[in-house]
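First comes the structure, then the notes that go with it.
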Amino acid sequence: MIEVREARKRFSDTFVLDGVTLTIGEGERVALMGPNGAGKTTLVRAILGFYHLDGGRITVDGYTPTEERVRVLERIGFIPQTPPPIKLSLEELMEYVSQSSGVDREAIKREALRMELDIERNLQKPFFKLSGGMKQKLLIAIALAKEGSYLIFDEPTANLDPKAREHFYSLLEELPERVATIFITHRIEEIAGLVNRKVYMDLGKVVEDEYL
Amino acid sequence: MSNLALVAKLDIKESLRSRWFLVYLLVFGGLMALFFITGITDSVVMGFTGLSRLLLVYIQVTIVILPIFILITTVKSISADRESAILEYMLSFPVSLSDYYWGKMVGRFLITFTPVFLALLVGIVWGVVKGAEIPWAVFFIYSAFLFALSALFLGIAFFISTIVKSHDMALGSSFVVWITLLAFLDIALIGLMLQNRWSDEVVISIAMLNPLEVFRVGAITLFDPELTVMGPVAYFLLDTFGREMILLYAVIYPISLGLLFAVAGYLFFKKRDLL
């Protein structure tokens with residue numbers, strides 16, 4: 001369970017998270033919505049342990065992200081909005097993922113194939129030289145192969161063509177029921193069938209929390 | 001393999017493919033080649049002959065080039081990754097901050113120290129092939145100096161890289177550190193000494209806090225045990241510390257300072273927001 005209690009985070013004089021309270025239990029599929037600057041990405045980054053809170057508390061299965069980051073991140077698969085320009089080759093990136101997270105490389109390849117991405121042909125290629133769509137597919141494959149209890153997606157389909165999006169959504173439909181997902185999105189209609197809860201944020205607060 | 005070793009290994013692999021490493025390799029390999037071509041190993045200048053002469057020239061060059069090369073190529077290791085969101089992705093995996101930080105540092109140390117050391121080794125092998133007398137003591141102590149200098153600037157670079165959030169600021173800061181240690185401190189000290197008539201001991205003590213000055217003095221001690229080129233300062237240094245202590249200080253002080261900066265950088269990395 002991800003528990004956020006009165007989380008507050010300030011950058012300069014602005015509270016980007018202003019007393020956010022939220023609980024995400026096993027198997028919940030959450031759409032995290034809101035305008036730019038609402039605090040969605042900051043909240044996700046705080047859950048991933050990138051930010052130290054100015055107040056409140058976040059725990060993932062009882063572990064604090066900034067204090068027990070390894071325990072927390074073992075449980076989470078994360079896909080950023082824009083694939084970063086990682087200079088490692090695909091082989092090296094898979095080695096990093098495989099050893100740090102105990103993910104089977106073959107599982108990554110299998111997931112990638114389901115997204116119609118053939119990793120074998122690009123193993124020695126630096127990640128940043130792949131096309132935008134290929135990069136995003138690989139990051140999705142890695143997150144799915146990790147088989148964590150939580151999957152966090154920050155606008156994951158931004159670089160995917162319509163066909164790849166369909167593939168991605170169909171893969172999500174096959175996720176085990178226990179897995180909880182958090183989608184940061186501006187277009188709930190696209191993932192309407194994949195979420196059962198909508199959380200709307202504005203000015204660092206949760207202003208709407210509705211089960212669908 | 002531990003995650004620390006994994007991070008180090010991947011950093012080395014990534015660096016081996018990068019353009020900066022190619023330039024770095026060409027600079028030090030090219031320097032050594034240039035020494036051979038221009039006949040420095042065969043020349044006799046002011047009493048220094050053969051390999052000793054080569055080592056002396058190599059020291060003069062590395063004192064200028066090595067620090068700025070390490071600073072510029074290393075300060076971006078964390079700050080640039082942070083700016084380009086690489087850090088966000090790589091640290092979304094269960095790798096402890098300690099493994100990531102020190103792994104990066106170990107990888108970067110090996111990749112910056114090895115070419116400089118190998119270039120030196122090539123010079124020695126060249127000397128052996130030509131049947132020259134090898135100044136082994138000088139070679140080993142100088143290798144230790146290079147190790148210490150690399151460790152120092154790597155520590156400073158990682159410190160800058162973690163406290164500064166923008167890549168441009170990190171580059172600017174590293175340049176300021178380099179020029180301050182290389183020249184400004186000396187100029188400022190001479191100015192202070194002349195204007196305020198500070199005691200020689202105070203000025204020399206402050207100078208000996210500058211690790212590049214320490215490296216310079218240590219290197220001179222190798223070839224000129226009486227430090228005659230330094231003038232009256234030599235009496236103070238040799239009478240107070242002695243040659244062995246100066247050599248030991250020239251190795252231990254930069255390593256300790258580098259380690260101090262590296263640890264401070266790690267604490268910043270751990271205690272502050274990562275992004």
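The values are calculated or read from the model by the stated rules, or taken from the named source; none is laboratory data. A quick note: this is a predicted structure, and the numbers were derived from the prediction, not measured. Heads up, the Cβs are rebuilt from the backbone with ideal geometry, glycines too, and the neighbour counts pull from every protein chain shown. The protein model used for the area step is the full one, side chains on, heavy atoms only, and it has no ligands, DNA or RNA in it. Shrake-Rupley method; radii C 1.70, N 1.55, O 1.52, S 1.80 Å.
Tabulated values for the structure
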item	result
Of all residues making up the stretch A:56-71, the number that are more than 8 Å from chain B (Cβ to nearest Cβ) and either open to solvent by less than 20 Å² (accessible area, probe 1.4 Å) or in a helix (DSSP H, G or I) (or both)	4
Some residue of the stretch B:1-14 being closer than 30 Å to B:Leu56 by Cβ, open to solvent by less than 30 Å² (accessible area, probe 1.4 Å) and modelled with pLDDT of 80 or more	no
Selection count where residues are at the interface with chain B (Cβ under 8 Å from one of its Cβ atoms) and part of a loop (DSSP other than H, G, I, E, B), scope the stretch A:72-82	3
Output for the stretch B:96-110, where each listed residue is of a type in the set (A, V, I, L, M, F, W, C) and within 14 Å of chain A (Cβ to nearest Cβ)	B:Leu97
Failed item, numbered, when B:Lys271 is tested on (1) more than 14 Å from chain A (Cβ to nearest Cβ); (2) surrounded by fewer than 16 Cβ atoms within 10 Å (Cβ to Cβ)	(1)
Among the candidates B:Phe117, B:Phe93, residue that is aromatic (Phe, Trp, Tyr), open to solvent by 20 Å² or more (accessible area, probe 1.4 Å) and either away from chain A (no Cβ under 14 Å) or within 30 Å of A:Leu144 (Cα to Cα) (or both)	B:Phe117
Residue list for the stretch B:211-225, filter: of a type in the set (D, E, K, R) and touching a helix residue (DSSP H, G or I) at 6+ places or on another chain (Cβ under 6 Å)	B:Glu213
Lone unmet requirement of (1) within 8 Å of chain B (Cβ to nearest Cβ); (2) open to solvent by 30 Å² or more (accessible area, probe 1.4 Å) for A:Ser100	(2)
Filter result for B:Tyr100 (outside any loop (DSSP other than H, G, I, E, B), at pLDDT below 85 and either open to solvent by less than 50 Å² (accessible area, probe 1.4 Å) or farther than 30 Å from A:Pro65 by Cα (or both))	no
Number of the condition not met by B:Ile59 [criteria: (1) modelled with pLDDT under 95; (2) open to solvent by less than 20 Å² (accessible area, probe 1.4 Å); (3) closer than 30 Å to A:Tyr96 by Cα]	(3)
Filter result for the condition that a residue is in contact with a strand residue (DSSP E or B) (Cβ under 8 Å, 6 or more places away or on another chain), among the β-branched types (Val, Ile, Thr) and farther than 23 Å from A:Ala143 by Cβ, over A:Val72, A:Val20, A:Val4, A:Val44	A:Val20
Set A:Ile86, A:Ile108: member being buried (at least 17 other Cβ atoms within 10 Å of the Cβ) and at the interface with chain B (Cβ under 10 Å from one of its Cβ atoms)	A:Ile86
Failed criterion for B:Ile70 (all others in (1) at pLDDT below 90; (2) in contact with a Phe, Trp or Tyr (Cβ under 7 Å, 6 or more places away or on another chain); (3) open to solvent by less than 10 Å² (accessible area, probe 1.4 Å) hold)	(1)
Test: residue in the stretch A:19-28 that is assigned to a loop (DSSP other than H, G, I, E, B), closer than 20 Å to A:Arg197 by Cα and open to solvent by 30 Å² or more (accessible area, probe 1.4 Å)	yes
Residue check for B:Ser79: more than 30 Å from B:Leu34 (Cβ to Cβ) and in contact with a strand residue (DSSP E or B) (Cβ under 8 Å, 6 or more places away or on another chain)	no
Hits in the stretch A:172-184 (condition: at pLDDT below 90 and open to solvent by less than 10 Å² (accessible area, probe 1.4 Å))	A:Leu172
Among (1) more than 15 Å from the chain's Cα centre (by Cα); (2) surrounded by fewer than 16 Cβ atoms within 10 Å (Cβ to Cβ), the one test that B:Phe175 misses	(1)
Selection from the stretch A:162-212 of residues that are in a helix (DSSP H, G or I), in contact (Cβ under 8 Å) with a residue 24 or more places away in the chain and either closer than 18 Å to A:Ile24 by Cβ or aliphatic (A, V, I, L, M) (or both)	A:Ala164, A:Leu171, A:Ile188, A:Ile191, A:Leu194
Residue count, the stretch B:138-167 (criterion: open to solvent by 10 Å² or more (accessible area, probe 1.4 Å), within 28 Å of B:Leu248 (Cα to Cα), small (Gly, Ala, Ser) and in contact (Cβ under 8 Å) with a residue 60 or more places away in the chain)	2
Test: residue in the stretch A:150-158 that is in a loop (DSSP other than H, G, I, E, B), within 12 Å of chain B (Cβ to nearest Cβ), β-branched (Val, Ile, Thr) and touching a residue at least 24 places away in the same chain (Cβ under 8 Å)	no
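This table checks each residue for (1) at pLDDT 95 or above; (2) open to solvent by 30 Å² or more (accessible area, probe 1.4 Å); (3) under 30 Å from B:His167 (Cα atoms); (4) part of a helix (DSSP H, G or I).
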site: B:Ala234; (1), (2), (3), (4): no, no, no, yes
site: B:Leu238; (1), (2), (3), (4): no, yes, no, yes
site: B:Ile252; (1), (2), (3), (4): yes, yes, no, yes
site: B:Leu257; (1), (2), (3), (4): yes, yes, yes, yes
site: B:Leu267; (1), (2), (3), (4): yes, yes, yes, yes
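Residue-by-condition table, conditions (1) over 13 Å from the mean Cα position of the chain (by Cα); (2) buried (at least 22 other Cβ atoms within 10 Å of the Cβ); (3) farther than 17 Å from B:Ile86 by Cα:
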{"position": "A:Leu130", "(1), (2), (3)": "yes, no, no"}
{"position": "A:Ala143", "(1), (2), (3)": "no, yes, no"}
{"position": "A:Ser149", "(1), (2), (3)": "no, no, yes"}
{"position": "A:Leu160", "(1), (2), (3)": "yes, no, yes"}
